[in-house]
Every structure is written in structure tokens, then in C-alpha cells.
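Asks: Please find one structure pasted underneath; my questions will follow.
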Amino acid sequence: MMGSNEWYKRMAFYQIWIRSFFDGNGDGIGDLYGVYEKLPYVKSLGVDGIWFSPLYPSPNADFGYDISDYYNIHPDYGNMEQFRKVLDKAHELGLKVMMDLVVNHTSDEHPWFVESRKGKDNPYSDYYIWRDKPNNWDSILEGKAWEYDETRQQYYLHIFARKQPDLNMDNPRVREEVKRIMRFWLDLGVDGFREDVINFISKKEGLPDGLPFIPVINGMPHYKDGPHIHEYMAEFRKVCKEYDCIQIGEGPMTDLKSAMRYLTGDEKSLDMMFSFDHMMADCIYTEYIHRPFDLVKLKKAFSKWQKALNNKGWNALYLENHDHPRIISRYGDGRYFSIRRQVPKYWKESGKMLAVSYIFQQGTPFIYQGQEIGMTNIKLSSIDDYVDVSSKNNFHTYHLKESLERRLRRIHISSRDSARTPVQWSDSRNAGFSDSTPWFFVNGNYHTINVEAEEKDPESILNFYRKCLDLRKKSKTLVYGEYREYFPRDRHIYMYSRSLGEVSYLIICSFSRHKIRVRFPKEMKGMKKKMVLCNYPAGKEVRGNGWFRPYEARVYKMADK
């Protein structure tokens, strides 16, 4: 059931976006000193590993995803000695450590690019993608995808920000550089990689024009799942097999059919993939088109991946990360937008329910920092207060006929900055994140939403996450069991079961902010139901048909009479 290289299946991971995690040296910026101090807290959640967003030196045009040195630590966060201390302590606590591998692009301040832009006759000339004449592609973060360089007198490709030039992975020397980077960190003792936009690294030969009249992603058919992607991924996979480490790919806009080639069969090159399908339940690109949350759409995405990968591959389960707004503000009660109410009415109930909705699916759960205490979106008064390159670009590019207030509201709903506010540790100054002025705004609701308060509350979102992870860890059925969804067209209830041998669990989640009647599947009506988890205190068992309170979630263990 679980081979020696499949230890990740029973695990849960915690993602640390270090700049906003905890400031350990008092300069207003999160760092490795802070991580070292908080590792016992991370362990207490019931997770088994950490995924670090980039820690490397970077000019921070895209906050770490523009890397200028793959072999060091950003001085804001510490140094290699401190990283080794964190790594050793994490391993002592039984926590695996996974690094972010960002090799679709570098910073334009990386020495490779500094040399490459000097001309066509140096060893780094073809490390990047240069053209005399650009095609019509847009970048995902900042304007057009080509930038003219006066020194080289050519255009370079940047699928993301202007300061993130794309590497030329068709150059075998570049692929050798990637493998060298991987071995460096694996030799230090890290346990695997989350591979950033890895399905973008192979571009179509000739770089043809993209689809007309489709903003932002018009060139994507020519660089997503490109012609040599599986050939290059096989090279990287060979390195990881030497170390029994895991590889988790980020696959933006990769459909299920394409993902299966990465995750299954002879070409398998990834252990898991972060897919985006379930992030489309309210339209991921809310800066351009915002659609109301659609539970049926969310359930369809969940079930599609669960069914396809059952007995074939493995899912990466997540609701939040550094690239998406806070989930209570998107799929929970926070979607009923109120600028005046800092904490949604059913904040606690919907936060717990969302945990149940995904943690008990088949796959490895990922929890993003602050998610476990129910952090919500921040609402800043001016676009000038936001720092994310994507938010600023979108505000000044799209919906320009709308009022400034309406355009700013789109940013309130969609900005990645909402995931990057400092973690709220207490109700003291700066939410306990730092003794100095933090590098970015603290969400004003930290007096209510903070770790210290939730540690003391047995019914808190924080303690409920612990209960969910503990229940999953103790049950082979909730790890390996087969998934089945019920009532897929129901617009208020998400219901699914997990079954392994004679053991079954039924998971029921209400996405309604009103009391709602729930019915059980016909085939389970004659079975005994033992409620093992509920997000309301002293929740009562439903007998036959019954009522669920706003955002109520229940987990039942089922048995024959």
C-alpha cells in the first residue's frame, strides 16, 4: 500500500512564506530565527513537514520568486548557518523540510542574466530566451511578455514580471545547472521540492503568436506542457530518485488529462501536483472577471481529481497558499463582503467547515500559515498601500472605466497581498509578529484572530485543525480510502464518503449561512452512524433527515447494524 518512497501519503505539510511568518531578530521582517523559535508550534499542529516558499537572495520584485542566487539565504532571513539550525531542529522534531525550486525563470540580477545580456558570444548567451522581434504574448504579472534590453539590443522573454526573465531549458547546460542546484540542497538534507510553475519550462519551437483578444494567458498554449516537458522532467526525476525525496509540481491551468502524464505511468515525474481547478469556483482571475462562488463548480473539480487519481496517483490537497486570497473570504462567510465588519459573522464556523471539506479527501493536506487560525483578507484604502506587482498591474490595466472604489474592491477580493500579511500571533502590538514596525500592514482584526487567543479556546479554528489532522492520521481509511461524492448538484451541501474494506466515513459540509435540511444517501440509511467530529460544540447527531446549522460540518463513522 505504501512503498518506501511513498512516506508523504500519510503526511500533512505546513507552508511558510517566511517574510510574514515571525520576526526573530526584531527588524520587522520574518526570518529563520523566527521559524526556529516557532517550530514547536508548527509541530503541535499535527503536521509532518514544512514547505518553505523561496528563502534565497532576491531583489523581491516578486517577493522571492525572482532568485539572484540559488545557493544561499536572503540576508533578510538569516544565513546558511541559521538554515542548517532550522533544518536540524525540524528533523529532530520529526518534520520533513521541502524547498521551493524556481527554475522557469530567475531574477534579472542573477549573474547568469547579467552575463547573458552582454552579448551573443559568451557562455551564458543562450541561458535565456532572446529574440530580435517579440511575439504577441502577454505576461501573467506585468504587461507584455517581452522586454527590450538596450545592452544586448534584443528582447528577452518574461512570462511573469519584467525582472523575471525565463530560462532557456532547451539548453542542456541550463538543465545541468538545475540538477546541480537540486543536489546542493538535497546534500544538505532537505527532503524534497515544490517546483514552481514547472509545467511552463518547455516552450514551443518558434514561439508562435498567441491567441488574439485573450488577455494575460494568450500565449499559454505555447508554453504550458510544452513539447519537451516530460523529457526534461525525467532528468530532474532521476536526481530525486537518488535521494528518496519528493517532488510536488505547481501546474497552473494544467487540465487533468495533461496532469496524469506527470503523476502516473512510465513518464511519472512528480509525486503530487498543485492543480488550480478548484480555485476556479469563484474564478481565480478575480481581478479581470469576478464570479460569485459556485459550490457545484468546486465539488466538480474536487471529485474529478479524486476519481481520476484513485489507485493511480496522489493528490496535493490545499485551499490556501501565498498566491491566493484567504479562503474564508472566498469560499466561507467572508464572501459576504462588508468593509465595516472585520470578522465575518460565521467566521469560526465557516473556517472549520472549510478544513473538513478538504482534509479528509484522498491526498496529502497542505496548510498555509495563518489558515489554521482563520486569517482573512485585508482591505487597504489605496492601491498605493499594496505591494504585490500583480495587484498593482491589474488595478492600472483592467476595468479602467469603473470607479476607483470599484476597482479597489476587486483588489480587496483578489490580491495576493491578503495571503502575505503578518501572521497574527497575539493581540499585542503588531499582532505579536515583531517588536518593530512590520514590513507590511497587519490585518486590523488581529485583536480577535490570533494564535494566543485560539490556543486558549478549545472550540477555536486552530484546535479544530488539530482535531482534523489527528483524526486523519489515525485512520487508514481517511488516508487511503476510496472517495465517493453524493448529491453533486446540491448548491449548499458537499457530501462525500471514504471507504476502505469494511470501514467507511461520511463527511458532510454545509456551505450555507442559513439553517438547512440535510438528507443522507439512500444506501446509508440503514447503517449505524457515529459522529466523530463536528465543528459546533456538542453537535447533535442527525437521525434520518435533519437540520444543519450555518456552515456546519460533521464526520460520521459508518457501520452496519
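We did not get these values from a lab; they are worked out from the coordinates using the rules stated. What you see is a predicted model, and the numbers here were worked out from it, not measured in a lab. Neighbour counts are summed over all protein chains in view; Cβ atoms, including those assigned to glycine, are modelled from backbone coordinates with ideal geometry.
Asks: Only Cα pairs under 8 Å and at least 6 apart count here; give the relative contact order of the stretch 480-559 as a rounded whole percent.
Replies: Across the stretch 480-559, relative contact order equals 33 percent.
Asks: With both bridge residues required to lie in the chain, what share of the DSSP beta bridges run antiparallel, to the nearest 5%?
Replies: Restricted to the chain, the bridges split so that about 60 percent are antiparallel.
Asks: How large are Rg and Dmax for the chain when calculated on the C-alpha trace, in angstrom?
Replies: For the chain, the Cα-based Rg and Dmax read 23.3, 78 Å.
Asks: If the cut-off is a Cα-Cα distance under 20 Å, which lysines reach Lys473, setting aside same-chain residues fewer than 8 apart in sequence?
Replies: Lys9, Lys43, Lys96, Lys352, Lys530, Lys557
Asks: Quick check: Cα centre of the stretch 201-243 to Cα centre of the stretch 161-177, how many Å?
Replies: Taking the Cα centre of each part, the stretch 201-243 and the stretch 161-177 sit 12 Å apart.
Asks: Over the chain, what relative contact order in percent results from Cα pairs under 8 Å that are six or more residues apart?
Replies: Working: 1171 pairs, mean separation 70.7, N = 561.
Answer for the chain is 13 percent.
Asks: Under 5 Å between amide hydrogens, which residues at least 5 positions from Val532 or on another chain qualify, with H placed 1.01 Å from N in the peptide plane?
Replies: Close amide H contacts, sequence-distant or interchain: Val555, Tyr556, Lys557.
Asks: Follow-up. Report the Cα centroid-to-centroid distance between the stretch 107-156 and the stretch 453-501 in angstrom, as an integer.
Replies: 48
Asks: Quick one: go through the stretch 224-254 and flag any residue whose amide nitrogen is under 16 Å from the point 7 Å out along the Cα-to-Cβ line of Lys304.
Replies: Answer for this model: 251-254.
Asks: Per residue of the stretch 435-452, in order, report the coupling 6.51 cos²θ - 1.76 cosθ + 1.60 (Karplus, θ = phi - 60°) as ³J(HN,Hα) in whole Hz, putting x for Gly and Pro.
Replies: With coefficients 6.51, -1.76 and 1.60, one gets 7, 9, 5, x, 5, 9, 4, 8, 5, x, 8, 5, 5, 9, 9, 7, 4, 4 Hz.
Asks: Let me ask something else. Using alpha carbon centroids, what distance separates the stretch 247-274 and the stretch 351-430, in Å?
Replies: So the two Cα centres are separated by 27 Å.
Asks: Okay, moving on. Can you give me the three principal axis dimensions of the stretch 111-157 from its C-alpha atoms, in Å, biggest first?
Replies: Cα extents, longest axis first: 29, 19, 15 Å.
Asks: Run the numbers on the stretch 1-110 and let me know its relative contact order in percent, using alpha-carbon pairs under 8 Å that are six or more apart.
Replies: Over the stretch 1-110, the number comes to 26 percent.
Asks: Would you kindly derive the ³J(HN,Hα) couplings of the stretch 419-434 from the backbone phi angles with the Karplus curve 6.51 cos²θ - 1.76 cosθ + 1.60 (θ = phi - 60°), listing them in order in whole Hz, with x for Gly and Pro?
Replies: 7, 10, 6, x, 4, 9, 8, 7, 8, 7, 3, 6, 6, x, 6, 7
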